[in-house]
Every structure is written in structure tokens, then in C-alpha cells.
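Undergrad: Please see the structure below; I have some questions.
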Amino acid sequence: MRASEIRALFSVASRPEVVSLAGGMPFIGGLPLEEIGEMMRRLIVERGETALQYGSGQGHEELREQIVEVMALEGISAHPDDVVVTTGSQQALDLVTNIFINPGDVVVAEAPSYVGALGVFRAHEADVVHTPMDADGLIPDKLEETLARLQAEGRRVKFLYTVPNYHNPGGVTLSLERRPQVLEICAGYGVLVLEDNPYGLLGFDREPLPAMHSMSEDGVIYLGSFSKTFAPGFRVGWAVAPHAVREKLVLAAEAAILCPSNASQLAISTYLAHSDWKGQIKKFREQYRERRDAMIRALEEYMPYASWNVPDGGFYVWVKLPDGLDAKSMLPRAVTGRVAYVPGTAFFYDGQGSNFMRLSYCYPTPEKIREGVRRLAGVIDDELETVNIFGTNGGSPSGQVDFPSPDIA
Amino acid sequence: MDVLILAGGMSHERDVSVRSGRRVLEALRGRGVNASVRDVDASLVPTLRALKSGVVWPLLHGASGEDGSLQALLELTGTPFVGTSSSRARVAWGKSVAKEVLGRISISSADSVSLPQTLFRDVGAEQVLDLISERFSFPLVVKPASGGSALGVSLVTERSELSRAMVHCFAYCDVAMIERALLGTEVAVSVVGSGDAAKALPAVEILSNGPYDYDARYNAGRVEYFAPARLDAESMGAVMSVALEAHRELQLRDYSRIDMIIEAGVPHVIDINIAPGMTETSLFPQAVRASGEDLGALCERIAAEALHRGA
């Protein structure tokens, strides 16, 4: 990835004067840090010889057993042997792509899609074809059309990559009734489903929907993560895959990193065993809901000319700007105005999305969110004035990855 | 000697500044200088007040770092600092003013016009753009009237591309400078020292595959540099002399970088930098290397001279 102009602008977003609605950093301040600190101390004193040692390439067995319990909350019945622990689910994404994708192979993904996944697919020289979503997630008919078209063109589709719950960046959730439909369509075309589910337990108003993996063990590779439900600093995620794939995943993981961090895995294992982690997730949900509400209220007040979805979980609101605006070319103005967001084009493989932006509400306080949206509205007004004066926006095509690094708030 | 480097800031060039700061920090520490680096924020004034000795090296790029504001603050607090004074920085920062000053001593620059966005709004953008395209021949360069690192800059080859370039530029700055694109060899000449003691370093030549934009500047491989530039002795002498005259005429202090394009044998100044980039791909460090001097030794000397000069 190259140092792009846009990426340089994001470096200003790390300054406290800027309200960053750009990043995806969870609200770690909401964790009981004293309690976790004491747990970590005891872990090293009591089990340091294991925690600080090499571990198994597949991941620590005790943690894999606990992961099975976590996944049961979303209807998955798996065996600990089915689980491969990885360095964040991002590594699982990379390993799966490495195993399945040859240059030129097609990955079908939602429009828009998670920028981190697009980066992995790009690195492995896959071609990503987007398929549309609506308020209920992937649209089965459109998915079928896309797959039929690709088949007719003789293109080889390796998998469907989907974030079914509280989509990043779309904010929507694949409805219960569409889940089996999507699985059936993919099965019909011999296409595997890569189900990426970091946000599934972070719904605001309801119990989690059954994971797609719970409906098709053989047709789905499932990716899970502790980054949003606990803490991303440990870098612990996992994959659940059919047996044949799992063996390859373990070998590929060993080749890449020997084994995931034992210290991190045991830290999470200790946390799950000794802390009220379900209660903590409930707290997170309440905190994030408050922030979502603050963002939606501010959008209603300050940006009535824009449109957006109201997410019922997760971290993101996907905002459509008035026609004619280009979110990427507006970003320097936003930085001057002390507010940051991610331009929509980052979430597409093919340059779409220029009049969209992703706003995240996970990290800033409700007051900051309100102030950020207020500033953003001023920036949009100014940009609209310029665009109206000249009758065009300042956008130009760019093949670069225009996304902040993960440590941007 | 204590040196406090100021890097980062809130401008669009924050990232470059942070990298420049780190580079100078390492160079000075390598010489045994007690150097440290910090960002510019609300605790800056108390920090400056508490400074008992030493010198401040402002390495902020872009607005507030190069427009004279930070220098004015340093002058207010009576802190010795590296680089150009606030009043001279203000002159060098405004591209059109600096052009005018240099024009008085017959230093060429591209034919240009600087216009604020409000003018386009008040009299109608299309008519102004028509005037521009009648008055200048394409290709044109549209760039923010202040700022650096090629942010907001577009090369425009025909009238139909002009509107988009203006919008891109106005996202960075309220005033746009539209100038005739110069076609020729691009060189950067770094100058070290002040007044009569100033000295030009060998010119560095920039051969860019495509536009020499932000991406080209800060990614290895997009651009080929020749340090020293592949110029005959006469041309090399000419560009070094133009840079030195510009540095003196604008009363720049300690160090600067004057960018030029040699078109039909004539060097035209295109940019003046009073806090030139110091990153691993930046031109100033390349010029220092080409001159045979060690960057650390030079930075130490620059800081020592600023300290000696005092507040």
C-alpha cells in the first residue's frame, strides 16, 4: 500500500482537537481495567510458564473450548477441534484468501464491503464483484443474478464474503429469512460463504440472529473475533472451517506465525473464565446505543439533506451525501474543520461510493459525536458552495487505498 | 546543546512534518546533541516559558509552521529558534507576494494569477475561467496559493478540466494560484546559512514518472532523483546562484529550499520552502549528501548558529 494524500490527511485525525468519526476503535475505556490488570498479573505469576511459551498452531485448547461456548450464543454448535485461533480475524481472512484465491479468481462481496477485507483480496490479486444490499442485507435475487452472470462469463467465483450482522460500513443486518436463501443460492453455484462476524453480539434491541454457519456447516467458513466484544489489543480472532480447510489453515498459520500469541490467548481465556463477560457485552451495547442515538439525533438536526440508515447494532452509520458531492475530495476541508470520516470509495473495489461516507460512533463520547456532526455539516455547506460555483466536484479516480490505519480513533 | 524540535501540527502536511522531525532528531542525537521532539498543542507556551537554554527547531510544514505564526510565537516568548523570522516567513509563504519580490531582482517565475473563491462566486466562475484560458496557454498548474507537498495541486491540460481542478484546490485553501505549467528540468536547490554567509548546495534533479504529486514525493520508486543534478557547469552555477539570490532577497535564515524549473535555459522559481521536508525521500537531505557533508553535522551547525544568534 502506498502513502496516499488521503492517508496523510488521516494523520491529523489522531490529534485531540479533531473529532474523528473515521476510525473503528472500540470504547476500551468502558472496560474494568483495574480488574483486568489484576487478572493479567495473576496469569503471569501463576501460569507464566505456559503464557510466555510457544503454543500450538491451531490455538490453545482451553480457549478453543470457550470459543465454542461464545459461538453457541449465535446458534453455532461446533467442536473445539473445528476452531483455529488466529491473530485477529483479519489473519483468518488472509489465510483463507491465501488458500482459496489464485490471481484473477472472483470474490463476491456486498456493496459496500469491509475495507480490510478488500485490502486482503487486492493483495492476493482477486477480483471483487459487488452485489447490492438493502435494509435487510444482501438481496437474494440480485446475488443470484450476479452469480449467474459471472458463471455465464466463465468467471471462477471462489467465495461470497459477507458481514451479515451490523455490517461495516453499511450498518445493516441480513434478515433471518434471507439467510437460508443466500446459503441455498451459493450452494447452487458451488460457492463457499465466508461469514465474517465481529459485531454479532453487539445488537442494541434484540438477541443475536442465528449465524449462517449454524444453518450450513459445510458451506460456510466462519470468522469470529474478540476485538469488538472485549479488546482488539490482544489480537485474538478465530476461524471455524470444514475439516479439510481447517488442516490447511493450521499449516498456513504455522508457516506465517508459528502460533498465535499464547499470552493473548490465555489472557482472554482467563477473562472469559473469571469475569462477567456477558455483562460487559451488555454494557458495551448500552454505551454504543447511546452513541448511536447521539449520532442519529445530530444527523437529523444538522444534516437533513443527507440520508442514512439507523443501525440497530455495531459501530457505523453509512451516510449518503447530496448529489454532486465527492466525499474524498472534501476530506482536506474536513481536516481543516477539525472533523474526520472515511470516504465511501474506500469500501468499493471499483470506484463506486464517491457520494457516501462512513461515520463511526464507537469511540467518541456522545458530546463529541454531536460536535463532530455539527462541524461536518459546516464542511459540507462550504463544499456544496464550491461545487455549486464551479458546477462539478473535485473528485478524480484513484487506485489507492484511502483508509486510516487501525490506530486512528 | 539542547534542541527542541517542533513537529506535527494540525496542517494537511502533519504526516510529513512528523517524519521530518524524527529524521532531524536522529541526525542530531547521532552527533551527541541533547535533542527532543514534541507536537504543537496547548502546552507549547508553558514548555517554551520553561525552556532555560537551548534552541527550538520548528519543523512544521504548511500553515502555522511556515506562514510565520509559529515564528511570531517564538519571538514573543524570546526563544532562540532555527529558521526564518516571522515577518520574512509571511512574505515567503504567500506565493504571489514572493514572486513579486523575486521579480524585482529579475528572478523569473511562471506567469500566474491568484484568485480567491469568493471572486468566482461573485462574478461567475465560468466567465473567470474563460478569461484565464484566454489569457494563459495550456497546460496550466492550479495550486493552493499557500501550502506545500503538492497537496491540492492539479496539472490542467484543457479548459474542460479547469473547474474540477479549482474545486480540488479550494478544498485546501481559499485562494488558488493558476500558473502556466513550465516544461523543462525540475531542480531543487537547498541553501544553508544566512545573509552573506549563505551558501547553495548542489542542485537535485527530479525526474518524475507522471506528475510530481504527493504520491510521487513520498513513495519510493515513482520518482528518480539525481543528486547532483545532471546539468552542465554553467546551468548548475546559474540555478545555485538564483537560489542564493532568492534566499538573500527574501531574507531567509539558516536553511531553505528553492524549487525551480529550467525552461529553455532559464531557471524559473516555482516554490520557496522555509522549512523544507527532511524525510528519507526529501530533497534537502539529498542535497546535503551530494555536497559531501553529514546531515547530522550540518543540523548541529545550523542549530548552533541559531543558538548563537539568540532570540
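Undergrad: Against the condition touching a helix residue (DSSP H, G or I) at 6+ places or on another chain (Cβ under 9 Å), more than 14 Å from chain B (Cβ to nearest Cβ) and either among the polar types (S, T, N, Q) or crowded, with 20+ Cβ neighbours inside 10 Å (or both), how does A:G314 come out, does it pass? If you could, list the steps in order and put the result at the bottom.
TA: On the way: touching a helix residue (DSSP H, G or I) at 6+ places or on another chain (Cβ under 9 Å): yes; more than 14 Å from chain B (Cβ to nearest Cβ): yes; either among the polar types (S, T, N, Q) or crowded, with 20+ Cβ neighbours inside 10 Å (or both): yes.
Yes, satisfied.
Undergrad: Need a quick list: strands (runs of 3 or more DSSP E) entirely within the stretch B:98-192 having at least 1 residues that are more than 28 Å from B:A246 (Cβ to Cβ).
TA: Numbers: elements: B:112-116, B:140-144, B:154-156, B:175-180, B:185-192.
Result: empty, no element qualifies.
Undergrad: Okay, next question. Determine which single condition B:L76 fails, assuming it passes every other condition in (1) away from chain A (no Cβ under 14 Å); (2) touching a Ser or Thr at 6+ places or on another chain (Cβ under 7 Å).
TA: Every condition holds for B:L76 apart from (2).
Undergrad: Among the candidates A:A409, A:A377, which residue alone is modelled with pLDDT of 95 or more, out of contact with any His (no Cβ under 9 Å at 6 or more places or on another chain) and among the small types (G, A, S)?
TA: Numbers: A:A409 fails: modelled with pLDDT of 95 or more.
From the options A:A409, A:A377, the qualifying one is A:A377.
Undergrad: Now for a different question. Within the stretch B:154-209, which residues are within 14 Å of another protein chain (Cβ to nearest Cβ), more than 19 Å from B:V113 (Cβ to Cβ) and either buried (at least 20 other Cβ atoms within 10 Å of the Cβ) or touching a strand residue (DSSP E or B) at 6+ places or on another chain (Cβ under 9 Å) (or both)?
TA: B:A171, B:N209
Undergrad: Consider the stretch A:236-260. How many of its residues are within 22 Å of the chain's Cα centre (by Cα) and either over 14 Å from A:T87 (Cβ atoms) or surrounded by fewer than 20 Cβ atoms within 10 Å (Cβ to Cβ) (or both)? Step through it out loud before you land on a result.
TA: Narrowing the stretch A:236-260 to residues within 22 Å of the chain's Cα centre (by Cα): A:236-241, A:249, A:253, A:260.
Among the residues that remain, those that are also either over 14 Å from A:T87 (Cβ atoms) or surrounded by fewer than 20 Cβ atoms within 10 Å (Cβ to Cβ) (or both) are: A:240-241.
Looking only at that region, the number is 2.
Undergrad: Read through the list (1) more than 26 Å from the chain's Cα centre (by Cα); (2) under 24 Å from A:L194 (Cβ atoms), then give the number of the only condition that A:T87 fails.
TA: Status for A:T87: all satisfied but (1).
Undergrad: Out of the residues in the stretch A:38-79 that are surrounded by 16 or more Cβ atoms within 10 Å (Cβ to Cβ) and touching a Cys at 6+ places or on another chain (Cβ under 8 Å), which is nearest to A:S216 (Cα to Cα)?
TA: A:G59
Let's see how each residue does on (1) without any contact (Cβ under 8 Å) to a residue 40 or more places away in the chain; (2) farther than 21 Å from B:M166 by Cα:
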site	(1), (2)
B:P80	no, yes
B:G83	no, yes
B:A98	no, yes
B:I105	no, yes
B:V141	no, no
B:P144	yes, no
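Undergrad: When the residues of the stretch A:3-53 are filtered to those that are in a loop (DSSP other than H, G, I, E, B) and among the small types (G, A, S), which remaining residue is modelled with the lowest pLDDT? Full working, then the answer.
TA: Filtering the stretch A:3-53 for residues in a loop (DSSP other than H, G, I, E, B) gives A:3-4, A:14-18, A:21-27, A:31-32, A:52-53.
When the remaining residues are screened for being among the small types (G, A, S), the result is A:3-4, A:14, A:22-24.
On the way: A:A3: 53, A:S4: 68, A:S14: 82, A:A22: 93, A:G23: 87, A:G24: 88.
Here the answer is A:A3.
Undergrad: Let me ask another. Starting from the stretch A:79-107, take each residue that is without any contact (Cβ under 8 Å) to a residue 24 or more places away in the chain and list its partners that are part of a helix (DSSP H, G or I) and buried (at least 22 other Cβ atoms within 10 Å of the Cβ), counting only C-beta distances under 6 angstrom and pairs at least six apart or across chains.
TA: Every condition considered, the pairs that remain are A:P80/A:R64.
So that you can scan it fast, the table gives a plain yes or no per residue for (1) within 14 Å of another protein chain (Cβ to nearest Cβ); (2) buried (at least 17 other Cβ atoms within 10 Å of the Cβ); (3) free of Cβ contacts under 8 Å to residues at least 60 places away in the same chain; (4) among the hydroxyl-bearing types (S, T, Y):
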site	(1), (2), (3), (4)
B:R38	yes, no, yes, no
B:K52	no, no, yes, no
B:L59	no, yes, no, no
B:A63	yes, yes, no, no
B:G68	no, yes, yes, no
B:Q71	no, yes, yes, no
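Undergrad: With among the β-branched types (V, I, T), over 22 Å from A:R122 (Cβ atoms) and more than 10 Å from every other protein chain (Cβ to nearest Cβ) as the only criterion, which of A:V335, A:V373, A:V342 stands out?
TA: Numbers: A:V335 fails: more than 10 Å from every other protein chain (Cβ to nearest Cβ); A:V342 fails: over 22 Å from A:R122 (Cβ atoms).
Being among the β-branched types (V, I, T), over 22 Å from A:R122 (Cβ atoms) and more than 10 Å from every other protein chain (Cβ to nearest Cβ) holds for just one of A:V335, A:V373, A:V342, which is A:V373.
Undergrad: Kindly indicate whether B:V128 is of a type in the set (V, I, T), without any contact (Cβ under 8 Å) to a residue 24 or more places away in the chain and over 22 Å from A:R338 (Cα atoms). Step through it out loud before you land on a result.
TA: On the way: of a type in the set (V, I, T): yes; without any contact (Cβ under 8 Å) to a residue 24 or more places away in the chain: yes; over 22 Å from A:R338 (Cα atoms): yes.
Yes.
Undergrad: Is it the case, given these coordinates, that B:W93 is within 14 Å of the chain's Cα centre (by Cα) and either modelled with pLDDT of 95 or more or among the hydrophobic types (A, V, I, L, M, F, W, C) (or both)? Please lay out each step first, then the result.
TA: Working: within 14 Å of the chain's Cα centre (by Cα): yes; either modelled with pLDDT of 95 or more or among the hydrophobic types (A, V, I, L, M, F, W, C) (or both): yes.
The answer is yes for B:W93.
Undergrad: Could you please give the count of residues in the stretch A:306-329 that are in contact with a Pro (Cβ under 8 Å, 6 or more places away or on another chain) and either free of Cβ contacts under 8 Å to residues at least 40 places away in the same chain or of a type in the set (A, V, I, L, M) (or both)?
TA: Selection size over the stretch A:306-329: 3.
Yes or no, residue by residue, for (1) more than 18 Å from B:L76 (Cβ to Cβ); (2) under 23 Å from the mean Cα position of the chain (by Cα); (3) in a loop (DSSP other than H, G, I, E, B):
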site: B:I5; (1), (2), (3): yes, yes, no
site: B:S11; (1), (2), (3): yes, yes, yes
site: B:D15; (1), (2), (3): yes, yes, no
site: B:S20; (1), (2), (3): yes, yes, no
site: B:L28; (1), (2), (3): yes, yes, no
site: B:G32; (1), (2), (3): yes, no, yes
site: B:V37; (1), (2), (3): yes, yes, no
site: B:R49; (1), (2), (3): no, no, no
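Undergrad: Where the second residue is among the aromatic types (F, W, Y) and surrounded by fewer than 22 Cβ atoms within 10 Å (Cβ to Cβ) and the first is under 14 Å from A:L95 (Cβ atoms) and lies in the stretch A:243-272, which pairs have Cβ atoms under 6 Å and are six or more apart or on separate chains?
TA: The qualifying pairs are A:C259/A:Y54.
The values are calculated or read from the model by the stated rules, or taken from the named source; none is laboratory data. Treat the numbers as computed from the prediction; the structure is a model and nothing was measured. Glycine also receives a Cβ, built like all others from the backbone with ideal geometry; neighbour counts cover every protein chain displayed.
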